[in-house]
Ligand SMILES: Nc1ncnc2c1ncn2[C@@H]1O[C@H](COP(=O)(O)OP(=O)(O)OP(=O)(O)O)[C@@H](O)[C@H]1O
Ligand SMILES: [Mg+2]
């Protein structure tokens with residue numbers, strides 16, 4: 001479905017020092033700073049796959065998506081999406097793909113959602129009957145009815161994301177790219193979005209999702225590709241990552257009274273208790289497949305009075321660090337590049 | 001041809017979307033628009049008295065000069081009424097606004113051009129048409145079906161030339177990558193020179209107006225209509241020049257899109 005070979009993007013930024021003399025010099029002989037955002041990646045995604053595309057900030061995820069969708073022309077490399085070169089066959093490609101950039105909307109700012117969708121219907125030349133049927137399909141999962149009469153600029157972030165998703169899926173694309181579809185959403189909205197993405201997968205749509213949220217990956221995707229500094233450092237099943245690298249969860253407690261020496265390792269075998277910044281703060285790191293956060297709280301309550309707590313989920317950055325540390329290297333040597 | 005009609009229909013819907021947004025949801029903007037149209041229309045009254053003073057220039061009669069002026073004003077009016085978005089291209093490029101437009105099955109250039117509407121265009125278009133209407137009765141042309149058809153074709157060609165020049169000069173933003181200093185504005189200002197017969201200018205200025213082909217918006221087509229010697233012969237090619245300009249601007253824009261890098265966050 002998606003085939004990329006040697007995909008590379010080098011951004012050229014004008015290296016223009018301040019000052020008039022320097023500006024003039026720049027005109028005569030422009031100097032550029034080159035920055036390789038994507039450094040020769042190979043990627044092959046089959047029909048119906050749901051791939052999580054992850055990596056730290058600036059790894060080159062969005063840049064890859066922009067090349068795969070035909071927005072940005074690659075500096076080098078070959079792309080085929082449904083057999084088409086997305087940059088050259090822009091219009092044919094556009095009918096096959098749906099795109100959502102969580103950071104920005106494609107809705108017409110000053111128009112009600114309904115009008116934006118109608119404009120997209122015209123642009124994609126979707127027959128009126130199909131259009132209505134499609135809206136009916138999307139209605140129960142995205143809860144569109146309430147959004148249709150609202151101006152795009154008056155939508156909340158969660159509502160906007162749903163409306164944008166409807167816009168991206170209106171023409172029933174075979175391949176869908178989602179760049180941070182859950183960014184900024186609250187817990188409820190995020191769960192709803194994940195539920196919807198799971199349903200979308202079930203219809204056989206090929207998904208490529210960029211995210212910083214491990215929850216999105218575990219709940220929606222079966223394959224994960226990890227990118228760092230423009231290179232793929234891991235490509236394999238999500239379960240391997242989930243079971244090996246993303247087990248640790250931490251609960252940070254603030255206690256009512258100083259409680260030096262508190263240790264939950266007997267209550268919760270395998271957990272580590274770490275002293276915090278001061279004597280009233282303490283953190284417990286535990287394996288989330290062995291203990292629940294509730295167990296940890298209950299255990300702590302037996303030792304001290306808890307005033308406040310926060311939970312740290314394992315993050316992509318941890319996973320990337322551990323891939324580098326070789327945590328998965330021995331287990332799946334052929335998968336790691 | 002059917003394809004062109006479909007593109008045009010979608011284009012119109014996009015423009016109407018903008019009109020709806022302004023009319024129904026942006027009453028603040030609407031008041032500004034109405035105010036500007038009123039001031040412009042008031043200007044027309046003033047202009048008619050000015051035009052009574054327009055002299056003959058060389059072998060161009062007064063109403064022939066006005067004809068050129070009117071064609072250029074009409075082209076500018078239609079340009080800003082229907083294709084105002086062209087002037088926002090640099091903004092789109094520098095803010096990464098083309099991303100979503102690039103993944104839709106509709107020409108990116110037309111999506112940008114039809115993204116907004118210049119209210120001043122309305123008064124300019126009206127002024128241009130009114131002047132053409134009056135001038136038509138004063139110039140020395142035998143109006144029949146053929147001459148009327150030819151005049152209309154010349155006018156449309158002039159509009160297309162102007163449009164192609166706007167598109168091409170704004171397209172340079174793909175290379176310059178700075179939202180402020182654009183050669184498009186300079187070219188547009190030069191367009192004011194094209195409101196008069198280019199024979200009044202020095203050779204240098206004339207050459208510029210022919211090369212940028214601003215002279216094909218009003219001067220040459222008018223010369224063809226009024227049968228002005230060599231200029232008239234050149235003017236007969238205005239429709240071809242227009243087609244070439246549009247094709248060139250379109251290709252230039254496509255080349256620009258290859259350089260589009262979007263923006264990082
Ligand atoms: N249009 C651009 N022009 C210049 N540099 C860019 C551009 N877009 C991205 N970059 C740079 O390329 C690198 C990769 O950016 P990209 O947006 O692909 O990262 P990302 O993996 O999506 O990061 P994030 O998680 O923050 O979204 C960054 O260093 C960024 O600054
Ligand atoms: Mg990104």
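Values as computed for the structure displayed
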{"quantity": "Radius of gyration and maximum dimension Dmax of the protein assembly as shown, Cα, Å", "calculated": "31.0, 107"}
{"quantity": "FRET efficiency estimate (nearest 0.05) - Cβ-Cβ, residue B:1 to residue A:229, R0 45 angstrom", "calculated": "0.30"}
{"quantity": "Cut-off 15 Å, label 7 Å out along Cα→Cβ of residue A:95, residues of segment A:30-74 by amide N", "calculated": "none"}
{"quantity": "Relative contact order computed over segment A:258-319 (Cα-Cα under 8 Å; 6+ residues apart), in percent", "calculated": "25 percent"}
{"quantity": "Separation in nanometres of the label points that stand 7 Å from Cα toward Cβ, at residue A:248 and residue A:85", "calculated": "4.7 nm"}
{"quantity": "Inter-part distance where segment A:259-315 and segment B:1-37 are each reduced to a Cα centre, Å", "calculated": "60 Å"}
{"quantity": "Other protein chain Cβ atoms within 10 Å, averaged over every residue that makes up A:235-242", "calculated": "0"}
{"quantity": "Sorted by Cβ neighbour density within 10 Å, fewest at the top, the residues B:196, B:106", "calculated": "B:196, B:106"}
{"quantity": "FRET efficiency, 1/(1 + (r/R0)^6) with R0 45 Å, evaluated for residue B:255 and residue B:199 via beta carbons", "calculated": "0.80"}
{"quantity": "For B:11-19, mean number of other protein chain Cβ atoms within 10 Å", "calculated": "3"}
{"quantity": "Computed FRET value (nearest 0.05) for residue A:139 with residue B:146, which takes r as the C-beta separation and R₀ as 56 Å", "calculated": "0.45"}
{"quantity": "Proxy reagent accessibility, fewest Cβ within 10 Å first, across A:310, A:156, B:202", "calculated": "B:202, A:310, A:156"}
{"quantity": "Whole-number percent relative contact order across segment B:2-259, with pairs defined as alpha carbons under 8 Å at least 6 apart", "calculated": "24 percent"}
{"quantity": "Separation in nanometres of the label points that stand 7 Å from Cα toward Cβ, at residue A:191 and residue A:57", "calculated": "2.9 nm"}
{"quantity": "Dimensionless Rg over Rh [segment B:215-260; C-alpha; Kirkwood]", "calculated": "1.24"}
{"quantity": "Residues B:162, A:9, sorted so that the one with the fewest Cβ neighbours within 10 Å comes first", "calculated": "A:9, B:162"}
{"quantity": "Distance (nanometres) between label positions extended 7 Å along Cα→Cβ at residue A:239 and residue B:237", "calculated": "7.3 nm"}
{"quantity": "Helix A:187-202 vs. chain A, principal-axis angle (Cα, 0 to 90°, nearest 10)", "calculated": "60 degrees"}
{"quantity": "Cα-based helix-to-principal-axis angle, A:113-124 vs chain A, degrees rounded to 10", "calculated": "50 degrees"}
{"quantity": "Within the protein assembly as shown, percent of DSSP bridges classed antiparallel, to nearest 5", "calculated": "70 percent"}
{"quantity": "Kirkwood Rh, Cα atoms: Rg over Rh of segment A:84-229", "calculated": "0.95"}
{"quantity": "Estimated Rh, chain A: Kirkwood, alpha-carbon pairs, angstrom", "calculated": "22.7 Å"}
{"quantity": "Residue-averaged 222 nm ellipticity for the protein assembly as shown, from DSSP H runs of 4+ at -39500 (n - 2.57), nearest 500", "calculated": "-15500 deg cm²/dmol"}
{"quantity": "Segment B:79-146-segment A:102-141 distance, computed between alpha-carbon centres (Å)", "calculated": "27 Å"}
{"quantity": "Descending semi-axes in whole angstrom, ellipsoid equivalent of segment A:247-313, from the Cα gyration tensor", "calculated": "18, 12, 11"}
{"quantity": "Relative contact order computed over chain A (Cα-Cα under 8 Å; 6+ residues apart), in percent", "calculated": "19 percent"}
{"quantity": "On Cα atoms only, tilt of A:128-142 relative to the major axis of chain A in degrees", "calculated": "10 degrees"}
{"quantity": "Cα convex hull of chain B, projected area averaged across orientations, nm²", "calculated": "15.8 nm²"}
{"quantity": "Number of partner chain Cβ atoms within 10 Å, mean per residue of A:63-76", "calculated": "3"}
{"quantity": "In range of the label at residue B:136: residues from segment B:151-173 whose backbone nitrogen is under 17 Å from the point 7 Å along Cα→Cβ", "calculated": "B:151-159"}
{"quantity": "Chain A: most fluctuating residue of A:130, A:95, A:29 per GNM, C-alpha cutoff 10 Å", "calculated": "A:29"}
{"quantity": "Highest average packing first - A:275-285, B:210-220, B:141-151, Cβ atoms within 10 Å", "calculated": "B:210-220, A:275-285, B:141-151"}
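Any read-out appearing in this document is the output of simple, stated calculations on the displayed coordinates, not a laboratory observation. Bear in mind that the values here come from a model prediction, so they are computed numbers and not experimental data. We place every Cβ from the backbone using ideal geometry, glycine too, and count neighbours over all the protein chains shown.
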